[in-house]
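A.B. asks: Have a look at this one.
The values are calculated or read from the model by the stated rules, or taken from the named source; none is laboratory data. Note that the coordinates shown come from a computational prediction; the quantities given were computed from them, not determined experimentally. Ideal geometry is used to build each Cβ from the backbone, glycine not excepted, and the neighbour counts take in all protein chains shown. Surface areas here come from the heavy atoms of the whole protein model, side chains and all, with no ligands, DNA or RNA. Shrake-Rupley method; radii C 1.70, N 1.55, O 1.52, S 1.80 Å.
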Amino acid sequence: MKLNGKVTDALNFFQGNEPHALTREYGSPLYVYNERIFRKSCRDIKGMCEYPKFFVNYSVKANSNLTLLKIAREEGLRADATSQGEAVAILAAGYQPEEIFYVVNNVSAAELNFAVEKNITVSVDSLSQLETFGQLNPGKRVSVRLNPGIGAGHHEKVVTGGDRTKFGVNEAYIPDIKRILEKYDLKLAGINQHIGSLIMDGSLFLAGVQNLLKIARQFDDLDFIDLGGGFGVPYQKQEGEEPLDIESLGKLLSKFMHEFSESYGKELRFMVEPGRYIPAESGVLLGTVHAIKNNGFVKYAGTDLGFSVFARPMLYDAHHDIEVYRDSDEIMEHPIKMINIVGNMCESGDYIARERYLPALRVGDVLGVLDAGAYGYAMSSQYNYRARPAEVLICEDGTRKLIRRRDTYEDMLANMIF
Ligand code: LLP
């Protein structure tokens, strides 16, 4: 029984699968994804711009489960990798090297060479890495990540453009970029940017795009311009938060793309690289209440949702709506009470939700952490020697499929040499 299941009910998220039945079958905690919702997000972004050479590179750092990567490819998305490991995972999911854009930040020469050998286009984001790339791979194609002077995002830790960021090359260094390109006979295939994460105000994104397009005119014969990701999703749906208006944003972007191509004299490729937008709303993290207690005036629900399973609230004070599911059909009043929801890790910052008004919780209740599909499993760890959870997909027809098994203690001990 759902005590406050408004959001998942409206989406038909579970498609007939009971949360308690899922945790009984696959263990708690558990990441649950909905294929229909995941595909819809892919289609929303793919269809946002009618510009003919518009491509979507899914930034797989948000969620790199291979089943989801495969589905994204079926929907016509390409991929953006941030590490050699991600590139390996994307290739394993069946993408072709030319469908991958490898946006590096401070990587070794070996990682740069890996990409060149695999024929994957690389974006470097410092003069120093451009120099290394040129020394190793003279005559090759490369992209440079620029800082358009504007940053955005939900927290200072995820702002990646503007005055205070380690990312990108500032416009002032363009003469140096050109000098290094010439020195190593490199072809500047494209330029790219990414100004930050969880942008709910399309005008900030557009301002970054306009700056990058201005900068782009300083380079001849680009093949592509990558406008970055950052598209936000509403995390406070229970409070009625509105989604980002992707359609209107897409219309304006298309207009910019057409105007730029016309004046540049070439119909070049435009890309975006959304991470969060693609999997966030298709994921719910289930966990179990194991203890209820009062410490002085403060009430806590102790759960198995520690920050090793889900780090966003601890790292960014991120808000995620919580639903409560009870394994019972009894009809009764559920008074709303204020409670702190904490995990099982040995640190006092181990919160999932602070001072939240929810139906009075009981031991045995299952909680649903909503919008957990992006930067959820991807940022989980084995801290405190806790096994990372399983991942399950609710397929379009409502059947469920295990798409990653829970870690076993054998897995966790396997790399030890003693
Ligand atoms: N492109 C580049 C170069 C990036 O660095 C990122 C994200 C993206 C694209 C995708 O950004 P998105 O569309 O997901 O906003 N762990 C944080 C978010 C970190 C984003 C890092 N870079 C969180 O949970 O809020």
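A.B. asks: Can you report the principal axis dimensions of region 216-285 using only the alpha carbons, biggest first, rounded to whole angstrom?
C.D. replies: 48, 22, 17 Å, listed from the longest principal axis down.
A.B. asks: From the protein chains alone at 1.4 Å, what is the descending order of accessible area for 24, 312, 405, largest first?
C.D. replies: Details: 24 160, 312 5, 405 135 Å².
Sorted by accessible area, descending: 24, 405, 312.
A.B. asks: With the cut-off at 29 Å, tell me which of the pairs 40/61; 118/214; 118/183 have Cα atoms farther apart than that. Intermediate values should be presented prior to the final figure.
C.D. replies: Numbers: 40/61 19 Å; 118/214 32 Å; 118/183 24 Å.
Violating the 29 Å limit, Cα to Cα: 118/214.
A.B. asks: Dividing the Cα radius of gyration by the Kirkwood radius, what Rg/Rh value follows for the chain? Display every interim value, and only then the final one.
C.D. replies: Working: Rg = 22.8 Å, Rh = 22.7 Å.
A ratio of 1.00.
A.B. asks: Moving on to the next point. Please compute the length gained on full extension between residue 239 and residue 315, using 0.36 nm multiplied by the number of residues separating them and subtracting their Cα-Cα distance.
C.D. replies: Values: separation 76, 0.36 × 76 = 27.36 nm, distance 2.26 nm.
Between residue 239 and residue 315, full extension yields an extra 25.1 nm.
A.B. asks: Averaging over every viewing direction, what projected area does the convex hull of the Cα atoms of region 329-418 cover, in nm²? Provide the component values of the computation, followed by the final result.
C.D. replies: Values: hull surface 37.1 nm².
Mean projected area of the Cα convex hull: 9.3 nm².
A.B. asks: Per q in 0.27 Å⁻¹, report the Debye log10 I(q)/I(0) for region 1-58, using one uniform scatterer on each alpha carbon and no solvent.
C.D. replies: Each listed q corresponds, in turn, to -1.15.
A.B. asks: Counting only helical runs of four or more DSSP H residues, what would the 222 nm mean residue ellipticity of the chain come to if each run contributes -39,500 (n - 2.57) and the total is spread over all its residues?
C.D. replies: Values: 12 runs with 118 residues, N = 418.
Per the formula, -8000 deg cm²/dmol.
A.B. asks: Distance in nm between label sites at residue 337 and residue 106, each 7 Å beyond Cα in the beta-carbon direction?
C.D. replies: 4.6
A.B. asks: Mind pulling up the Rg/Rh value for region 1-103? Radius of gyration and Kirkwood radius, both on Cα. Intermediate results must be reported in sequence, preceding the final value.
C.D. replies: Numbers: Rg = 16.4 Å, Rh = 15.5 Å.
Radius of gyration relative to Kirkwood radius: 1.06.
A.B. asks: Also, I was wondering about something else. Do the alpha carbons of any pairs in 166/237; 237/337; 70/166 sit beyond 21 Å of each other, and which pairs? Each step should come with its number before you reach the end.
C.D. replies: Numbers: 166/237 33 Å; 237/337 19 Å; 70/166 32 Å.
Violating the 21 Å Cα-Cα cut-off are 166/237; 70/166.
A.B. asks: Just to be sure I understand the model, the point goes 7 Å from the Cα along the line to the Cβ. What's the resulting residue 255 to residue 3 distance in nm?
C.D. replies: 4.9
A.B. asks: Starting from the Cα of residue 299, step 7 Å toward the Cβ, then list every residue of region 1-44 with an amide N under 15 Å from that point.
C.D. replies: none
A.B. asks: Can you compute the FRET efficiency between residue 36 and residue 290 using 1/(1 + (r/R0)^6), with r the Cβ-Cβ distance and R0 = 35 Å? Round to the nearest 0.05. Display every interim value, and only then the final one.
C.D. replies: On the way: r = 32 Å, r/R0 = 0.91.
Taking R0 as 35 Å, the efficiency between residue 36 and residue 290 is 0.65.
A.B. asks: If you build the convex hull over the alpha carbons only and average its shadow over all orientations, what do you get for region 78-275? Give it in nm² to one decimal.
C.D. replies: Details: hull surface 46.5 nm².
The Cα convex hull of region 78-275, projected and averaged over all directions, gives 11.6 nm².
A.B. asks: Moving on. Work out, step by step, the length gained on full extension between residue 128 and residue 21: first 0.36 nm times the residue separation, then minus their alpha carbon distance; give nm to one decimal.
C.D. replies: Numbers: separation 107, 0.36 × 107 = 38.52 nm, distance 5.37 nm.
Contour length minus the Cα-Cα distance gives 33.2 nm.
A.B. asks: Residue separation times 0.36 nm, minus the C-alpha to C-alpha distance between residue 262 and residue 135: what's the value? Please report the intermediate quantities before stating the final value.
C.D. replies: Numbers: separation 127, 0.36 × 127 = 45.72 nm, distance 3.52 nm.
Working it through step by step, the gained length comes to 42.2 nm.
A.B. asks: Still on this structure, please answer the following. Please list 225-238, 118-131 highest first by mean number of surrounding beta-carbon atoms within 10 Å per residue.
C.D. replies: Values: 225-238: 22.9, 118-131: 19.9.
Per-residue Cβ counts within 10 Å, averaged per peptide and sorted highest first, yield 225-238, 118-131.
A.B. asks: Also: What order, most packed first, do the peptides 389-402, 78-91 have when packing is the mean number of other Cβ atoms within 10 Å of each residue? It would help to have the intermediate numbers written out before the result.
C.D. replies: On the way: 389-402: 17.6, 78-91: 20.4.
Per-residue mean Cβ counts within 10 Å order the peptides as 78-91, 389-402.
A.B. asks: Could you check the simple spin-label distance between residue 416 and residue 172, using points 7 Å along Cα→Cβ, in nm with one decimal?
C.D. replies: 5.2
A.B. asks: Residue farthest toward the positive end of the dipole of region 110-173, with Cβ of Lys/Arg at +1 and Asp/Glu at -1: which of 113, 150, 126?
C.D. replies: Result: 113, furthest along the dipole toward the positive end.
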